[in-house]
Amino acid sequence: MPLTPLEHDRRYGELDQVMRAYLGRPADDTPDRPGEALTAYLRHTWHTRPWALATAERQLRDYADSPPGRLRLRLGEFYAVPDVGLPEADVQRWLRCLADHIRQSIEEGAVPPPAAPATPWEWHARFPELGQFLGGWFSQDMPDEFDDHDAAVDHYRDSTDPHLVARLVGELHELLALDLDESGCALAVAELGMEVDPPAPWSPSGWIARVAGRLTLPRAGHGPGEG
């Protein structure tokens, strides 16, 4: 019988988060050091949900110790670890290696210092609303859907819950606070789903600052004194 959402989250929810951290990144961890993807997972999780690390360590180790058979995977009764480029025979050893690194990080209090995101997963985990905004309003179809960039920003502002708009403004300022150079800022917005260039004459960082300011303007039909 396929896993219910509750069963999935209870048994594999945090394991799944660790696996998602490897999307587009190699499983290059060794017993001596965690790879880039696990370091990104540790950095973000330590600074946002430190209590989840112990759950991740246990779920990884439990899965490595009792991997499901092919039939139960086919029936959807177990979580299927995605292909990370390792031979099937090496996956259990790799999962134990991840669990060991997470346990060591917890026991030693080894917290990766704050830094700009290093992987696609970390960009979207750290800037979830910005990913929704850029991927939803600034895909390659944007020129066919809106007259210009400002029209797309205004549509987002006027059609989105004000709490989410406020969250996006905060994420835009957080992105600017990373103090990336222009190529780094361009890479960041591309990682977060933007498929069109900023409008002339704006640089990526200049346009991000402009958007943050524009989002604080009154919503359509909600100016001062209006209901």
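The values are calculated or read from the model by the stated rules, or taken from the named source; none is laboratory data. Being a predicted model, the structure only gives us computed values, none of them experimental. FYI the Cβ positions are ideal-geometry reconstructions off the backbone, even for glycines, and counts take in every protein chain you see. Accessible surface is based on the protein model in full, side chains and every heavy atom, while ligands, DNA and RNA are left aside. Shrake-Rupley method; radii C 1.70, N 1.55, O 1.52, S 1.80 Å.
For the range 137-150, filtered to residues that are more than 18 Å from Leu192 (Cβ to Cβ) and in contact with a helix residue (DSSP H, G or I) (Cβ under 8 Å, 6 or more places away or on another chain), the residue that is most open to solvent (accessible area, probe 1.4 Å) is Glu145. When restricted to residues that are part of a loop (DSSP other than H, G, I, E, B) and either of a type outside the set (D, E, K, R) or modelled with pLDDT of 95 or more (or both), the range 198-227 contains 17. Restricting attention to the range 172-188, the residues that are among the acidic types (Asp, Glu) and either outside any helix (DSSP H, G or I) or touching a Cys at 6+ places or on another chain (Cβ under 6 Å) (or both) total 2. The set of residues in the range 103-149 being of a type in the set (D, E, K, R), under 13 Å from the mean Cα position of the chain (by Cα) and over 23 Å from Asp161 (Cα atoms) consists of Glu122 alone.
Which of the residues belonging to the range 196-213 are open to solvent by 60 Å² or more (accessible area, probe 1.4 Å) and closer than 21 Å to Val165 by Cα? Arg210, the sole residue that qualifies.
Ser66: at pLDDT 95 or above and hydroxyl-bearing (Ser, Thr, Tyr), yes or no? Against the criterion (at pLDDT 95 or above and hydroxyl-bearing (Ser, Thr, Tyr)), Ser66 does not qualify. Checking each residue in the range 97-123 for being touching an Asp or Glu at 6+ places or on another chain (Cβ under 8 Å) and either open to solvent by 60 Å² or more (accessible area, probe 1.4 Å) or not hydrophobic (A, V, I, L, M, F, W, C) (or both) picks out His101, Arg103, Ile106, Pro117, Thr119, Pro120. Can you find a residue that is over 20 Å from Ala118 (Cα atoms), in a loop (DSSP other than H, G, I, E, B) and open to solvent by 20 Å² or more (accessible area, probe 1.4 Å) anywhere in the range 151-171? The answer is yes, given that some residue of the range 151-171 is over 20 Å from Ala118 (Cα atoms), in a loop (DSSP other than H, G, I, E, B) and open to solvent by 20 Å² or more (accessible area, probe 1.4 Å).
May I ask you to verify whether Glu191 is touching a helix residue (DSSP H, G or I) at 6+ places or on another chain (Cβ under 9 Å), of a type outside the set (Ser, Thr, Tyr) and surrounded by fewer than 18 Cβ atoms within 10 Å (Cβ to Cβ)? In short, no. Annotation: of all residues in the range 1-38 being part of a loop (DSSP other than H, G, I, E, B) and open to solvent by 60 Å² or more (accessible area, probe 1.4 Å), the one that is farthest from Glu57 (Cα to Cα) is Met1.
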